[in-house]
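What follows is one structure encoded as structure tokens, with my remarks underneath.
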Amino acid sequence: MIDSITFKRAIAIAILGIETAFAAGNFNVRDHGAIGDGKVLETAAIQKAVDAAAAAKGGTVFFPPGRYLSGTIRLKSHVKLHLEKGATLLGSTELAHYQRLNFLALIMGNNLDEVAISGEGVIDGQGKTIADSVIGPVKPGKYPDAGEAKRPVIINFRNCRGVTVRDVTLRESACWVQLYRDCDRVTIENITVRTLAAITNDGLDIDGCSNVVIRGCDIDSEDDGICLKSSRRECSDVLIENCRVRSSCNALKFGTASFKGFRNITVRDLEIHDTYLSAIALECVDGGVMENVNISRVKIRTTNNALFIRLGHRNASAPPGIVRNITISDVIAEIPNRRREEMNKFPPYWRHACTTLITASITGLPGHPVRGVTLRNINILYGGIGEKPKPGHHRIGALEEVPECADAYPESKMFGTLPAWGIYCRHAEDLTLENVTLSVSGSDYRPALVCDDIRNISLDRLRVKSAGSEPVIVLKDVTGARVRDCTAPANSTQFLKTIGRTTGIERR
């Protein structure tokens with residue numbers, strides 16, 4: 001795992017390198033022809049300033065207060081864009097004004113060294129106009145054609161070394177807000193993201209990057225808030241800390257692009273609020289390896305699912321991947337029963353996809369278990385779906401009917417209404433729940449915990465404070481279970497029920 005000393009050293013080196021790289025001087029965009037009235041297209045003037053800074057072997061392209069309308073800006077090595085407070089860079093609303101790297105983008109760079117975007121100014125993609133013109137027709141109950149390849153992102157860096165984005169506010173992208181792909185030494189610090197312009201408005205995407213620091217960010221996004229991917233390279237050695245996230249989908253997500261995997265990821269001190277799918281979603285479905293992930297000190301409020309860990313097999317051209325050595329600790333989660341009308345930030349044509357009260361789950365595949373997951377010091381308060389089952393609910397008497405969904409797009413609601421309200425585990429090995437507290441604010445007839453096809457599970461100080469008509473804990477086809485110092489509510493009818501080929505139960 002990554003220690004704080006290593007990160008502090010890396011950050012200090014990065015800052016020193018940036019200060020050296022941009023020491024050549026300032027290049028004011030107004031000195032190169034920019035007006036700053038927000039009406040005249042100023043792409044050429046801004047690009048002239050960038051080119052002048054690059055010709056000087058590095059420097060800062062400076063935006064004084066004003067509104068600067070632009071199409072694609074191609075950043076160059078050792079050049080920083082700096083937006084002073086009161087300066088706004090506006091993305092053009094005309095598709096013809098954008099160039100393509102892998103995606104269309106307002107600011108882009110490929111194979112660059114030491115580049116940065118900084119300042120207290122704003123970059124506004126003005127994305128709604130383009131998004132509305134590109135996204136396919138909306139049909140009731142169906143997802144529209146997203147048309148992502150035709151919509152510009154705000155920031156797009158690829159194959160770069162030494163990337164820093166600090167302090168700026170990013171608004172209303174036509175597509176993803178920012179994409180960093182196959183980069184090394186990336187620092188995203190103290191930025192603000194506000195984007196509800198269109199579907200698939202991810203707040204921050206890190207794809208196949210290494211040595212990444214994401215710190216002090218405040219993100220409010222229509223789609224996934226902070227999303228790690230691994231399309232062409234492994235995503236490794238990442239620190240995410242002290243961030244606040246709201247999302248109409250998932251707040252913190254690894255995947256869905258998980259071809260090369262995720263390794264050595266540290267996440268700590270997050271505040272997640274008003275999120276409509278998962279607070280934490282760890283998805284490995286394309287053949288990669290996800291390992292050595294440590295997530296700690298997370299506060300989750302008004303969210304539909306606390307945790308989703310999924311090993312799937314969507315990529316038929318590769319064998320199933322591997323998920324192992326995941327530790328999640330010191331989490332407080334509130335999963336209330338929300339009315340749909342309360343979720344007013346969810347786009348109208350996606351509201352059919354929103355499912356409240358989604359059970360936390362850890363699921364692998366038959367013969368391919370999730371390995372070495374530890375949940376420690378977890379407190380989940382769940383709203384409850386009522387005292388009686390409804391048609392379509394999965395029941396403990398027919399656990400085999402819970403679908404595997406091996407090749408499906410991974411999402412926490414993919415299995416339907418699960419047979420547990422607190423945590424559902426299937427196809428896992430060496431699973432530890434330590435000092436976990438599960439409570440229901442209303443009522444729920446289901447067990448708090450269901451484990452199906454588990455090898456070696458330790459339940460240590462599991463506190464269940466609510467019970468329905470079914471047993472509190474159900475173990476099916478579990479081999480080796482240690483149940484220590486666990487407590488059940490006084491009104492429970494049965495604490496532990498075993499089903500199928502469950503053997504080796506040790507209780508203290």
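Summary table below
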{"read-out": "Any hit, segment 298-315, residues being of a type in the set (A, V, I, L, M) and surrounded by fewer than 24 Cβ atoms within 10 Å (Cβ to Cβ)", "value": "no"}
{"read-out": "Members of segment 108-120 that are within 18 Å of GLY59 (Cβ to Cβ) and part of a loop (DSSP other than H, G, I, E, B)", "value": "LEU112"}
{"read-out": "Elements of type strands (runs of 3 or more DSSP E) contained in segment 400-508, each with 3 or more residues being touching a residue at least 24 places away in the same chain (Cβ under 8 Å), crowded, with 19+ Cβ neighbours inside 10 Å and of a type outside the set (A, V, I, L, M)", "value": "423-440, 449-460"}
{"read-out": "Selected residue [in contact with a helix residue (DSSP H, G or I) (Cβ under 9 Å, 6 or more places away or on another chain), β-branched (Val, Ile, Thr) and outside the structural domain of ALA105 (by TED's automatic domain parsing)] from VAL213, VAL245, VAL238", "value": "VAL213"}
{"read-out": "Set ILE206, ILE191: member being out of contact with any Phe, Trp or Tyr (no Cβ under 8 Å at 6 or more places or on another chain), modelled with pLDDT of 95 or more and among the aliphatic types (A, V, I, L, M)", "value": "ILE191"}
{"read-out": "Failed criterion for ASP286 (all others in (1) surrounded by 22 or more Cβ atoms within 10 Å (Cβ to Cβ); (2) out of contact with any Lys or Arg (no Cβ under 8 Å at 6 or more places or on another chain); (3) under 20 Å from HIS427 (Cα atoms); (4) not β-branched (Val, Ile, Thr) hold)", "value": "(2)"}
{"read-out": "Segment 420-460: number of residues that are more than 17 Å from ALA306 (Cβ to Cβ) and either touching a helix residue (DSSP H, G or I) at 6+ places or on another chain (Cβ under 6 Å) or aromatic (Phe, Trp, Tyr) (or both)", "value": "2"}
{"read-out": "Options ASN102, ASN111; residue that is free of Cβ contacts under 8 Å to residues at least 60 places away in the same chain and under 23 Å from CYS160 (Cβ atoms)", "value": "ASN111"}
{"read-out": "Qualifying residue in segment 429-440 (condition: at pLDDT 95 or above, of a type in the set (S, T, N, Q) and closer than 21 Å to PRO369 by Cβ)", "value": "yes"}
{"read-out": "Qualifying residue in segment 366-374 (condition: surrounded by fewer than 16 Cβ atoms within 10 Å (Cβ to Cβ) and over 22 Å from ASN294 (Cα atoms))", "value": "yes"}
{"read-out": "Filter pass, THR256 being surrounded by fewer than 24 Cβ atoms within 10 Å (Cβ to Cβ), in contact with a strand residue (DSSP E or B) (Cβ under 9 Å, 6 or more places away or on another chain), over 20 Å from SER412 (Cβ atoms) and not assigned by TED's automatic domain parsing to the domain that holds GLY384", "value": "no"}
{"read-out": "Top-ranked residue in segment 135-154 [being surrounded by fewer than 19 Cβ atoms within 10 Å (Cβ to Cβ), aliphatic (A, V, I, L, M) and more than 17 Å from ARG181 (Cα to Cα); ranked as modelled with the lowest pLDDT]", "value": "VAL138"}
{"read-out": "Of the criteria (1) under 24 Å from LEU365 (Cα atoms); (2) surrounded by 24 or more Cβ atoms within 10 Å (Cβ to Cβ), which one PRO320 fails", "value": "(2)"}
{"read-out": "Segment 28-44 residues that are among the hydroxyl-bearing types (Ser, Thr, Tyr), paired with ones that are crowded, with 16+ Cβ neighbours inside 10 Å and part of a helix (DSSP H, G or I) (beta carbon under 7 Å, 6 or more apart)", "value": "THR43/HIS97"}
{"read-out": "Only one of ALA105, ALA149, ALA96 that is more than 26 Å from ALA53 (Cβ to Cβ) and either assigned to a loop (DSSP other than H, G, I, E, B) or under 23 Å from the mean Cα position of the chain (by Cα) (or both)", "value": "ALA149"}
{"read-out": "Matching entry among VAL267, VAL289, VAL293, VAL298 (being at pLDDT 95 or above, in the same structural domain as PRO410 (by TED's automatic domain parsing) and farther than 20 Å from PRO410 by Cα)", "value": "VAL298"}
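The values are calculated or read from the model by the stated rules, or taken from the named source; none is laboratory data. All of these numbers come straight from a predicted model, not from anything done at the bench. Because the Cβ atoms are built from the backbone with ideal geometry, glycine has one as well, and the counts that use them run over all protein chains shown.
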